[in-house]
Amino acid sequence: MATAKNESPTLFDRLGGVVALRAAVEEFYKRLLDDPKLYIMFEDVKMPLLKYHQLAFMKIAFSKIPDDLDVAELILQKHMRLFLNKGLNETHFDIVAQHFVETLHHLGIGNDLVNEAAGIIVPLRPVFQKGALLKLEQDKAKADGKASPVTTIVHDQTHHANEPTLIDRLGGNDMVKAAVKSLYERMLDDPMLEPFFESINLAQLKHHQISFLKIAFTQVPSDLDVTQYLGQTHARLIQEQGLNAMHFDRMLSHFANALIELNVSEGVIQEAASAIGAFRVVFEAKE
């Protein structure tokens with residue numbers, strides 16, 4: 001007779017879940033910023049956004065990496081400017097990995113779990129070796145007076161009109177409308193979020209939400225300060241009803257679940273969540 005098979009807890013769960021990993025991210029970046037060999041890598045970087053992306057990455061790396069997500073390629077592209085402009089290499093990776101291990105020890109994580117987590121991170125070292133080699137190729141090309149062979153890679157990080165946008169990869173406008181519909185159904189059923197929608201014209205709100213996501217998932221106009229815009233439009237809720245980052249995280253979780261329900265791939269869901277998660281900073285002050 002067949003028995004139900006219980007899924008084993010993921011490494012993410014065994015490390016303590018989102019609360020423990022959020023604390024780890026905070027301690028981790030404190031150590032990186034205090035390291036004289038690394039702090040230059042964080043100049044002109046929006047730390048709240050970087051921390052959010054790091055936490056999102058850990059959630060994936062320590063649970064299950066989607067089949068359609070090439071982690072090595074993602075990291076190479078995300079760090080390309082640091083490789084080419086600031087000389088990021090495998091030596092820096094080794095220092096970062098050591099800080100990560102020390103962070104987990106500092107938070108009281110057992111040796112077995114620390115070693116298991118390190119075993120997932122350390123295999124990414126070749127990405128940083130490859131980045132360093134690309135830097136050498138660029139420098140050699142410049143010295144020889146030739147076009148850099150890396151230029152194409154750098155340009156690929158920016159949006160081109162003939163490339164599918166995130167909204168295209170999500171499934172187009174109809175999918176966004178369906179996601180917004182599901183999102184608001186979930187939020188209105190959530191006792192923590194429902195009070196924020198009292199006396200609100202939901203039809204109009206959904207229309208604005210769809211318009212906003214169309215912008216966020218394509219290309220934000222250079223003259224639009226999204227953080228300032230969101231701060232202004234949510235000012236009353238933040239000041240009078242205590243809207244904060246905890247509510248934002250709950251909303252983002254509902255949005256991700258709405259996309260899961262619509263059979264969007266995990267890689268695209270993470271990309272969409274990262275695009276929205278960039279604006280968490282608007283709500284953090286009141287947390």
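The values are calculated or read from the model by the stated rules, or taken from the named source; none is laboratory data. As the structure is a computational prediction, the values presented were derived from the model and not from experiment. Neighbour counts run over all protein chains shown; Cβ positions are idealised from the backbone, glycine included. The area values use the complete protein model at the heavy-atom level, side chains included, leaving out ligands, DNA and RNA. Shrake-Rupley method; radii C 1.70, N 1.55, O 1.52, S 1.80 Å.
Just flag the trypsin sites (Lys or Arg not before Pro) in segment 70-152 sitting in loop per DSSP whose Cβ has no more than 15 other Cβ atoms within 10 Å. Provide the component values of the computation, followed by the final result.
Working: sites: K78, R81, K86, K130, K135, K140, K142, K146; in loops: K146.
Loop-located and lightly packed - K146.
At a 1.4 Å probe radius, carbon and sulfur cover how many percent of the accessible area of segment 1-83?
Values: 2940 of 5240 Å².
That fraction is 56 percent.
Kindly state, to the nearest 0.05, the FRET efficiency for H53 paired with N173, given R0 = 30 Å and r defined as their beta-carbon distance. List each step's numbers first, then the result.
On the way: r = 26 Å, r/R0 = 0.88.
Efficiency for this residue pair is about 0.70.
Return the distance in nm (one decimal) between the two label points of a simple spin-label model at E116 and A203, each offset 7 Å from Cα along Cα→Cβ.
It works out to 5.2 nm between the two label points.
Over the alpha-carbon set of the chain, divide Rg by the Kirkwood Rh and report the Rg/Rh ratio to two decimals.
Numbers: Rg = 21.0 Å, Rh = 21.3 Å.
Radius of gyration over Kirkwood radius for the chain works out to 0.99.
With everything on Cα atoms, drop me the angle between helix 202-216 and the longest principal axis of the chain, reported from 0 to 90° to the nearest 10.
10
Enter the accessible area per residue of segment 178-249 (Å², integer; probe 1.4 Å; all protein chains in place). Intermediate results must be reported in sequence, preceding the final value.
Values: 4230 Å² over 72 residues.
Per-residue value: 59 Å².
Mind giving me the FRET efficiency for E185 and A245? R0 is 25 Å, r the Cβ-Cβ distance, nearest 0.05 is fine.
On the way: r = 23 Å, r/R0 = 0.91.
E(calc), rounded to 0.05, equals 0.65.
Nearest 20 debye, what's the magnitude of the dipole of the chain about its Cα centre given +1 on Lys and Arg Cβ and -1 on Asp and Glu Cβ? Could you put the intermediate results ahead of the total?
Numbers: 29 positive and 38 negative charges, 74 e Å.
Roughly 360 debye, rounded to the nearest 20.
For the pair A143 and V226, what calculated FRET efficiency results from E = 1/(1 + (r/R0)^6), where r is the Cβ-Cβ distance and R0 = 30 Å, to the nearest 0.05?
Working from the Cβ atoms, E equals 0.15.
Length gain on complete extension for the stretch D68 to R236, per 0.36 nm per residue less the alpha carbon to alpha carbon distance?
Details: separation 168, 0.36 × 168 = 60.48 nm, distance 4.07 nm.
Answer, rounded to one decimal: 56.4 nm.
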